[in-house]
Amino acid sequence: MTLRLPLFSLILLFSFSRAAYAQQKLRLSVLVQDGVTKKPIAGASLFVAETHAGAQADTAGLIRLDHAPGLLTVYVSAVGYLRRRESLTLNRNLNVQFFLQPRSTYLDEVDVTAQREDKNIRNVQMGQIQLSMPDLKRMPVVLGEPDILKALALQAGVTTAGEGAGGFNVRGGRADQNLVLLDGAPLFNTNHLLGFYTNVNPDMVQDVSLSKGTFSAQYGGRISSLLQMSTRNGNNDAWRMSSGLSPVSARFLVDGPIFKKLTLLAGGRVAFPNYLLRAFPVASVANSRAFFFDGNLKLTYAPSDRSTVSLAGYRSQDTFKFPGDTLYGWQSTVGTARWSYLIQPNLQLNLTALYSGYHLNVDGITPGLTFRFQSFIEQRESKVDVFYTLNHKHKIQVGTNAILFRIQTGEANPTGENSSVNPRRIEPEQAREMGAYVNTEWELTPRISFQAGLRYTVYAYLGPRTVYNYLANSPVSPETISDSVRYGRGQTVQTYGGLEPRLALRVQLAKMTSLKASAGRTRQYVNLISNTTAITPLDFWKLSDRYVPPQVADQVSVGLFQNLRNNAIELSIEGYYKRLKNQIEYRFGADLILNPALERVLLQAAGRAYGVEFGISKNTGRLTGQANYTYARSLMAVQTPFDELRINGGRYYPSYIDRPHTLNVQARWALPHNWTFSTNFVYYTGVPATYPDGQYLYGAEPVQDYSRRNADRIPNYHRLDVAFSKDTRFNKNQRHYGIWTLGIYNLYAHKNPYSIYFVRTNQRTEAYRLSVFGTLIPSIAYTIYF
Amino acid sequence: MHPFVVSLLLVFGLAACIDRVELPIRAEEPRLVIDGQFTNEAPPYTIRLTYTSPFGLSSDQRPALRVVSGAQVSLADGQGHSVRFIDQGGGTYRTIDSTFRGQVGQPYSLTVLLTDGKRYVTKPEQMPAIPPIDSISPRLIQANNVQTPYRYSYSITTHDPASQRNFYRWTAYGLTVRKSTGEPCCFGCLAICFDVCFTTESSTQVNVFSDAAINGNPIRNRAVIQVPVYAAWPQFVEVQQYGITQANYQFWKLYEQQRARTGSIFDPLPAPVTGNLVNAADPTDVARGYFAITSITRRRVRNEALEARSSSAVYGFVNSQLVPQGDCRNTYGRVPVVEPPGW
């Protein structure tokens, strides 16, 4: 009987809710603000327990809900904040204000439902991935270091070049086509230790979201995806410090109020990976030495309830020394200043100025040939964004930005005495990109909503620069130079630009079912030049110039989203097709480093990528988790009028990130006595490779021939990880406790290939498989909190 | 109170590994391969024409010699002269005109007409100039090798001309002495003969260099060959310094790059090692190998190997070696047994 009564009343409530709507509805307006900074929290959500009604905050943090009168239990939540529960009596139009307390990292065992449970159905955007930072820290990880990009690579449509390889690829796009934003500033490199780790400390990060498909017109400059990471704000209650130790790094974090309205958050990581390198069977890696650190600093000043000023800085540095001859060093530096001002409750202004730089240096230490090679990319940007909420169904956003790029593709100078190396310097490149956008999100009817945006960018490649002209109707080469033109400082050498329309549409077919579609165009004016399959420190950036037109991508996608059992289970199917223009390919044997006329070794390729992503996730109950399967293709073709430059005769061939089948399964099972079992299973098709397909003698030496690019595939990858963790707490309020985690990475010790290569020994060539983790890796971790 | 988090983690072994694997290998159509050069030295000049053969991991991996026979091969200079290469059998073609000799600065191009009607040509390439080798300096080194722990490493010094772009290639060979017990010089003689064999060691590495970074400066201590020390005897080394074209330099870089694959992230994408000989009717059909137009300068050095002869470590190694019985040529093949002339 006790069970039936609430069920009965629920059915009653549900049956009468339509009638109630017709009778009378009152307006509930809730302003949700950060308890520390008093800044409005965009995207916060409100949920009425009694009626399951809900609404989401606009960019000004304002939630409006029309609801029948009554005594309501409302939950207000947002990513990175503790959920708040309040009882309200709705007997007139009500305006209330809620402050949400930022979730401290020390409490990350507290599970927070940060989103509406049916967000995937109601949100107009598709192809979205949001990482939960507490979940990230509970995943089975290799070597106890939670890692943002490794967690993203378990999601549908996201892959990496291999275990321990740098960068990530989204829906058949290259690693340089992802716009990675840290507090709104782009990161040009995401790797520590040649790609083993992500260079952003997860302790500092509050929120990670990745858009795989068409993203808002507010963002541009990369054609494949948008990865946004925002760092936490310092708390203004008291000073807190924490530090931690993992097998790879030591970490610290401090935050607190400097004055009443000024808070600080500072943190850093220093790594000691040398003993891991020694375990590597390849002598060149085992005898290598490495070091890295990264640090974040954030100051937040809230002089009034309407105004917030924040300054964020980030710096990461790596050194990697190969035995004997070369020392690599790379640094990323990011600074962002932002002023947010709430002009009216429904009108917000953001002014941002930022700097992002990535610098590489290589020191050659061979006696007599000592040198230092340097390359860099620097971006300086300012932008204005205005968010206007007409009503809770219609929002408009407009903005403009201006970017100055400066790139040095290479410069080498002799170091020390008796070096025979002559100084060589490629003239730095500079360019200006300006953009303006308008974006609107409009709920036409409760069933139909859309987001439409238009972005316009204009790009100018600027002098000083000497540009070679080449004879028409012949391939670009040193022999076909017709003349050269010198452009002075600030003179425009080449312009590009155009419109980038973006559209997303949602049609709710049933209460728990929606159909979404999106289409959009993106443009990219900076290109990573790399002749290897993974991102390596030797790669450098290059601006689009006369011979390197901007990369353009057009993507359409369609998805069907279905929730079952009261949003406990989410099902999704998404299909996409992408057309890529002006992708960079390389002539055979291209010499890229310190090449003053790169156009002579680069080729323009056309690309296409398409795929279907199936996903299922279970969000409640003792067993939670998700599984996704992706069928995806990524193809390239070099179609030039010049036969000798075509790769594989100009036909489409699999790009080096083409990976048709991918299956990821993640599960967590809450066991009795505070034990948790979690597991990952990963399967994917091996990436294309080029095996020798012929041989001949040259001189007296046998030589292998590689006549067709990417015609073979390395063997498939599969791996199972498990972890048991035990929380020693008896209740949630206990302050001193520990967590044991016993994990096994690669449980059945499958030797997964990172690459296949061929070595000739004793007159025979043999194929070898390099496995980065060749066996199972058990680990025991004990984390103590006191 | 300041929370303090300590996470301890034990890792039981971290092992990346490398294993030999069997893989299916595609079979492709045979491609033409050319190997040869035309120089400023005296004729004859030789080229070799073959086809690529199938490759298999488990099969016999000696490239089956698929020779090109009956091809018509000729080389033309920029002034209307030409010379024919005559089929010698076994894929070898050789000039017989002793008056046609390469000249620095002249352009040359090769034409190959196969019996199936396919015509391959090279674009005219100018024979580059080459500065002389200033000196060759030997240095005794200890190598991480049980059989030949002591070697002389020979390096050259030359002066790069500032007025032109230069591309260099070096090859070298050296004569080193290997001993046996020998035989009496004649029946009943006490004197021992045939106990000293002058065996040849050749450079095997591709050794090319561009003056892009050092134009106009000396090229100092460019290592060209290592010759093992087997006995306390002098060594005799000859170094060939080639002036090669930019395209040939790029070919050698590609050749070197493609042969030095290790499977790491720094590996460049695999590519066929194609050169300058292209099917006139189908530009995507490029022969493997290169026909080089190159100038050569040579220099010899006689190394008395005093350092090795006075080193007790080298002496210890030399004395620890087994000395074969009888005529050293029974062990080391048909090699000179008297000091070669010219050094």
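The values are calculated or read from the model by the stated rules, or taken from the named source; none is laboratory data. None of these values were measured; they are calculated from a predicted model. With ideal geometry, Cβ positions are generated from the backbone for all residues, glycine too; neighbour counts draw on all protein chains shown. All accessible areas refer to the heavy atoms of the entire protein, side chains included, with ligands and DNA or RNA removed. Shrake-Rupley method; radii C 1.70, N 1.55, O 1.52, S 1.80 Å.
Listed by first and then second residue, the pairs linking a residue in region A:752-763 that is within 8 Å of another protein chain (Cβ to nearest Cβ) to a residue that is modelled with pLDDT under 75, with Cβ atoms under 6 Å apart and 6 or more places separating them unless they lie on different chains, are A:TYR754/A:GLY162; A:TYR754/A:GLU163; A:TYR754/A:VAL772; A:SER755/B:GLY263; A:TYR757/B:ARG261; A:TYR757/B:GLY263. I need the full set of residues from region B:36-62 which are open to solvent by less than 40 Å² (accessible area, probe 1.4 Å) and within 10 Å of chain A (Cβ to nearest Cβ), in order please. Selection gives B:THR50, B:THR52, B:SER53, B:PHE55, B:GLY56, B:LEU57, B:GLN61.
Only one of A:THR409, A:THR415 is within 14 Å of another protein chain (Cβ to nearest Cβ) and either open to solvent by less than 60 Å² (accessible area, probe 1.4 Å) or at positive phi (or both). Can you tell me which? Working first, answer last.
Working: A:THR409 fails: within 14 Å of another protein chain (Cβ to nearest Cβ).
Step by step, each of A:THR409, A:THR415 is checked, and only A:THR415 is within 14 Å of another protein chain (Cβ to nearest Cβ) and either open to solvent by less than 60 Å² (accessible area, probe 1.4 Å) or at positive phi (or both).
Checking each residue in region B:151-168 for being crowded, with 20+ Cβ neighbours inside 10 Å and under 23 Å from B:ILE141 (Cβ atoms) picks out B:ARG151, B:TYR152, B:TYR154, B:ILE156, B:THR158, B:TYR168.
Rundown of residues vs (1) assigned to a loop (DSSP other than H, G, I, E, B); (2) open to solvent by 20 Å² or more (accessible area, probe 1.4 Å); (3) in the same structural domain as A:PHE588 (by TED's automatic domain parsing), yes/no style:
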{"site": "A:TRP442", "(1), (2), (3)": "no, yes, yes"}
{"site": "A:LEU454", "(1), (2), (3)": "no, yes, yes"}
{"site": "A:ALA460", "(1), (2), (3)": "no, no, yes"}
{"site": "A:SER482", "(1), (2), (3)": "no, yes, yes"}
{"site": "A:GLY498", "(1), (2), (3)": "no, no, yes"}
{"site": "A:ALA517", "(1), (2), (3)": "no, yes, yes"}
{"site": "A:LEU538", "(1), (2), (3)": "yes, yes, yes"}
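Of all residues assigned to region A:424-442, at least one qualifies as being within 13 Å of chain B (Cβ to nearest Cβ) and without any contact (Cβ under 8 Å) to a residue 40 or more places away in the chain. Annotation: of all residues in region A:37-86 being touching a residue at least 60 places away in the same chain (Cβ under 8 Å) and either more than 26 Å from A:GLN397 (Cα to Cα) or among the charged types (D, E, K, R) (or both), the one that is surrounded by the most Cβ atoms within 10 Å (Cβ to Cβ) is A:ASP58. Only residues that are assigned to a loop (DSSP other than H, G, I, E, B) and open to solvent by less than 20 Å² (accessible area, probe 1.4 Å) were counted across region A:422-440, and they come to 2. Meeting the requirement of 1 or more residues that are in contact with a Pro (Cβ under 7 Å, 6 or more places away or on another chain) and within 25 Å of A:TYR525 (Cα to Cα), the strands (runs of 3 or more DSSP E) wholly within region A:295-400 are A:326-344, A:347-364, A:371-391.
Counting only residues that are farther than 23 Å from A:ASN274 by Cβ and surrounded by 24 or more Cβ atoms within 10 Å (Cβ to Cβ), which one in region A:189-217 is nearest to the other protein chains (Cβ to nearest Cβ)? Selected residue: A:MET204.
Assess whether B:THR284 counts as being at pLDDT 95 or above and either open to solvent by less than 40 Å² (accessible area, probe 1.4 Å) or within 14 Å of chain A (Cβ to nearest Cβ) (or both).
Numbers: at pLDDT 95 or above: no; either open to solvent by less than 40 Å² (accessible area, probe 1.4 Å) or within 14 Å of chain A (Cβ to nearest Cβ) (or both): yes.
In short, no.
Selection over region B:112-141 of residues that are open to solvent by 50 Å² or more (accessible area, probe 1.4 Å) and touching a Phe, Trp or Tyr at 6+ places or on another chain (Cβ under 6 Å) gives a count of 1. Residues in region A:481-523 that are modelled with pLDDT under 95 and touching a helix residue (DSSP H, G or I) at 6+ places or on another chain (Cβ under 9 Å): A:ARG506, A:GLN508, A:LYS511, A:MET512, A:THR513, A:SER514. With the condition kept exactly as written, say whether any residue in region B:185-199 is under 24 Å from A:SER530 (Cα atoms) and not in a helix (DSSP H, G or I). For region B:185-199, residues under 24 Å from A:SER530 (Cα atoms) and not in a helix (DSSP H, G or I): absent. Looking at region B:163-176, can you tell me whether even one residue there is facing chain A (nearest Cβ under 9 Å) and over 14 Å from the mean Cα position of the chain (by Cα)? No, the conditions are met nowhere in region B:163-176. In the condition set (1) open to solvent by less than 30 Å² (accessible area, probe 1.4 Å); (2) at pLDDT below 85, A:VAL722 is compliant with all but (2).
Among the strands (runs of 3 or more DSSP E) confined to region A:635-750, the ones with at least 1 residues that are away from chain B (no Cβ under 14 Å) are located at A:661-670, A:675-684, A:717-727.
State all residues of region A:554-578 that are aliphatic (A, V, I, L, M) and over 28 Å from A:SER634 (Cα atoms); if no residue qualifies, say none. Even if it seems obvious, please write down each step before you answer.
Going through region A:554-578, the residues aliphatic (A, V, I, L, M) turn out to be A:556, A:558, A:560, A:564, A:568-569, A:571, A:573.
Passing the criteria: A:LEU564, A:ALA568, A:ILE569.
The residues of region A:730-743 that are open to solvent by 50 Å² or more (accessible area, probe 1.4 Å) and among the aliphatic types (A, V, I, L, M) amount to a single one, A:LEU742. Among the residues of region A:576-585, some residue qualifies, meaning at least one is away from every other protein chain (no Cβ under 14 Å), at positive phi and buried (at least 17 other Cβ atoms within 10 Å of the Cβ).
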